[in-house]
Amino acid sequence: MIVICGLGNPSKKYVGTRHNVGFKFIDTIKTKYEFKILKKDKSKEVYIGKIKDRKYYLIKPLAYMNLSGSPLASFLHYYKIPIKNLTVVHDDLDLNLGKIKIKKGGGNAGHKGLLSIDKNIGNSYNRLRIGIGHPVTEKLVVKHVLEKFNSKEKKIINKIIELIVEHVDLLFSNKELFLTKISPLIHKSI
């Protein structure tokens, strides 16, 4: 059982913003692989489906970014899913636009969603970091993450997410092959 949690902020005003890359990722998977809604309440949306005969849960915490950990923790606890089966997909300021990194554990670099998750379940989960670029100064970080992508950036992010989703099964079965498959494609699309 694999759980993919995409981070973002609820509300239409945040659709298409840099901070909502995780939600965009979940929406792309659920559409491509025809996942079905399992549960929706005020704190989360949960979808269930299969990719290459492997069962997945997709979760979008509907609390705001800085409260993402609580609905995720309650979901994992209810279904008795170990943290090692969790991958969190989120935006990353420290990566150039469209670059990705996969890691397990580590710090949260000030990311409020990761900070909330760390407080609720610890930090030994897997992460798929999607680069959104960094603003010119630290003062502009909040504005930057809550801004919508411009048309060029949106095209890059959409292409990267499509590429990752196309090969997402490899992310959980063969990370090296996953990176080999998408790496040249990422460089072409940026």
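Under 5 Å between amide hydrogens, which residues at least 5 positions from residue 97 or on another chain qualify, with H placed 1.01 Å from N in the peptide plane?
For residue 97, the qualifying residues are 133.
With +1 assigned to the C-beta of every Lys and Arg and -1 to the C-beta of every Asp and Glu, and no other charges, what is the dipole magnitude of the range 2-189 about the Cα centre in debye, to the nearest 20? Mind dumping the intermediate values first?
Working: 36 positive and 16 negative charges, 52 e Å.
Result for the range 2-189 is approximately 240 debye, rounded to the nearest 20.
Would you be so kind as to identify which of 31, 174, 98 lies farthest towards the positive end of the dipole of the range 2-189, taking Lys and Arg as +1 and Asp and Glu as -1 on Cβ and the Cα centre as origin?
After comparing all options, I get 31.
Once you have the Cα-Cα distance between residue 13 and residue 173, take 0.36 nm times their residue separation minus that, and quote the gain in nm to one decimal.
On the way: separation 160, 0.36 × 160 = 57.60 nm, distance 3.60 nm.
Length gained, residue 13 through residue 173: 54.0 nm.
What are the ³J(HN,Hα) values, in whole Hz, obtained from phi via the Karplus relation 6.51 cos²θ - 1.76 cosθ + 1.60 with θ = phi - 60°, for each residue of the range 133-149 in sequence order, with x given for Gly and Pro?
x, 10, x, 4, 10, 4, 4, 9, 4, 4, 4, 4, 5, 8, 7, 7, 5
If you rank 147, 45 by fewest surrounding Cβ atoms within 10 Å, what's the result?
Numbers: 147 16, 45 21.
The order, fewest Cβ neighbours first, is 147, 45.
For residue 166 and residue 141 in the same chain, what is the full-extension length gain: residue separation times 0.36 nm, less their Cα-Cα distance, in nm? Mind showing how you got there, number by number?
Details: separation 25, 0.36 × 25 = 9.00 nm, distance 3.07 nm.
Separation in residues times 0.36 nm, less the Cα-Cα distance, equals 5.9 nm.
Across the range 106-116, in residue order, what do the Karplus-derived ³J(HN,Hα) couplings come to in whole Hz, using 6.51 cos²θ - 1.76 cosθ + 1.60 with θ = phi - 60° and x for Gly and Pro?
Going residue by residue, I get x, x, 9, 6, x, 5, 5, x, 5, 4, 5 Hz, with x marking Gly and Pro.
Taking the Cα centre of the range 41-100 as origin, work out the dipole magnitude from +1 charges on Lys and Arg Cβ and -1 charges on Asp and Glu Cβ, in debye rounded to 20.
Working: 10 positive and 6 negative charges, 78 e Å.
Roughly 380 debye for the range 41-100.
Let me see the P(r) profile for the range 1-126: every Cα-Cα distance counted, bins of 10 Å, each bin given as a percent of all pairs.
Reading the bins upward from 0: 13, 49, 34, 4.
Provide the FRET efficiency to the nearest 0.05 for the residue 77-residue 41 pair, computing r from the beta carbons and using R0 = 22 Å. Each step should come with its number before you reach the end.
Numbers: r = 15 Å, r/R0 = 0.69.
Computed FRET efficiency for residue 77 and residue 41 comes out at 0.90.
Show me the ranking of peptides 66-74, 81-89 by mean Cβ neighbours inside 10 Å, starting with the highest. Numbers along the way, then the final one.
Working: 66-74: 19.8, 81-89: 17.8.
Result, highest mean first: 66-74, 81-89.
Between 98, 22, 122, which gets the highest mean-square fluctuation from a Gaussian network model of the chain, Cα cutoff 10 Å?
Taking springs between Cα atoms under 10 Å, the residue moving most is 122.
Taking the chain as a Gaussian network, where each spring joins two C-alpha atoms under 10 Å apart, which residue of 36, 80, 112 fluctuates the most?
Ranking 36, 80, 112 by mean-square fluctuation puts 80 first.
Explain nothing, just compute: Karplus ³J(HN,Hα) = 6.51 cos²θ - 1.76 cosθ + 1.60, θ = phi - 60°, for every residue of the range 55-69 in order, whole Hz, x for Gly and Pro.
7, 10, 10, 10, 9, 10, x, 9, 6, 5, 2, 6, 10, 4, x
Along each of its three principal axes, how wide is the spread of alpha-carbon positions in the range 36-190, in whole angstrom units, largest first?
41, 38, 28
Expressed as a rounded percentage, what relative contact order does the range 2-189 have, with Cα pairs under 8 Å and six or more residues apart? Don't skip to the end; give the middle numbers.
Numbers: 342 pairs, mean separation 43.8, N = 188.
RCO, the range 2-189: 23 percent.
Just so you know, all these numbers are worked out from the coordinates, no wet-lab data involved. Small disclaimer: the values here were computed from a predicted structure and weren't measured. Reconstructed Cβ throughout: ideal geometry from the backbone, glycine too, with neighbour counts over all protein chains shown.
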